[in-house]
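Heads up: the structure comes next, in structure tokens.
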Amino acid sequence: MPSVLFVCLGNICRSPLAEGALRHLAARGGVSVTVDSAGTGGWHVGEPPDRRAQTVARRHGVEIGGLRGRQVAPDDFSRFDHVVALDHDNLAALRRLRPAAGGALLPLLLDHVPGRQGQAVADPYYGDERDFEIAWAEVSAGAAGLLRLIGGG
Ligand code: 4NP
């Protein structure tokens, strides 16, 4: 089964949204995929997603309140086929963390969205509800592109 790990900084905003979006689209499309998310930082380990992230996901029919934060680890590069960074800082941190033998592909999420290659999903943590809606739209587009790549048609 293909496997995807989404990685942002805190694992309470963008990557849990991406995890929820991909789970939702995969279930709707009847595609089996293992999905998880993690943060490059460790401040929010064990915490549920930010309230505002839970709210925007719920508004779009996706429940992410049961997720809990964790920090990315070197063995994630052998446990997952795709380790997907939400922005450039996290991509750089993941490149430093990746073991020489780590087999996972390491793209930016928006590399999977036509016209958005090389771009970051902006951190909504210090923003407002509108910023969370933008993040939701972007992670949903990225998840849809990723699903096409891994066999969702
Ligand atoms: P995320 O957002 O990386 O999308 O989960 C953030 C959440 C928390 C912090 C930074 C970004 N923080 O500094 O605590």
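Remarks
- One residue stands out in segment 82-100 among those that are more than 11 Å from the chain's Cα centre (by Cα) and part of a loop (DSSP other than H, G, I, E, B): the one that is nearest to Gly41 (Cα to Cα), namely Arg98.
- Exactly one residue out of Gly151, Gly69, Gly145, Gly65 is modelled with pLDDT under 95 and within 29 Å of Gly30 (Cα to Cα): that is Gly151.
- With respect to the conditions (1) more than 11 Å from the ligand (Cβ to nearest atom); (2) without any contact (Cβ under 8 Å) to a residue 60 or more places away in the chain; (3) touching a strand residue (DSSP E or B) at 6+ places or on another chain (Cβ under 7 Å); (4) under 15 Å from Ala135 (Cα atoms), Phe77 lacks only one, and its number is (4).
- Any hit, segment 118-137, residues being open to solvent by 30 Å² or more (accessible area, probe 1.4 Å), among the acidic types (Asp, Glu) and within 24 Å of Pro74 (Cα to Cα): yes
Here is a yes/no grid of residues against (1) of a type in the set (D, E, K, R); (2) under 23 Å from Ser78 (Cβ atoms):
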{"position": "Val4", "(1), (2)": "no, yes"}
{"position": "Ile12", "(1), (2)": "no, no"}
{"position": "Leu22", "(1), (2)": "no, yes"}
{"position": "Arg28", "(1), (2)": "yes, no"}
{"position": "Val33", "(1), (2)": "no, yes"}
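- Lone unmet requirement of (1) within 11 Å of the ligand (Cβ to nearest atom); (2) open to solvent by 60 Å² or more (accessible area, probe 1.4 Å); (3) under 24 Å from Leu97 (Cα atoms) for Arg68: (1)
- Pairs with Cβ under 9 Å, 6+ apart, first in segment 1-24 and within 12 Å of Pro48 (Cα to Cα), second among the basic types (Lys, Arg) and assigned to a loop (DSSP other than H, G, I, E, B): Asn11/Arg68; Asn11/Arg70
- Top-ranked residue in segment 1-55 [being among the hydroxyl-bearing types (Ser, Thr, Tyr) and within 10 Å of the ligand (Cβ to nearest atom); ranked as most open to solvent (accessible area, probe 1.4 Å)]: Thr40
The values are calculated or read from the model by the stated rules, or taken from the named source; none is laboratory data. None of these values were measured; they are calculated from a predicted model. All Cβ positions, even for glycine, are placed from backbone atoms using ideal geometry, and neighbour counts span all protein chains on display. Surface areas here come from the heavy atoms of the whole protein model, side chains and all, with no ligands, DNA or RNA. Shrake-Rupley method; radii C 1.70, N 1.55, O 1.52, S 1.80 Å.
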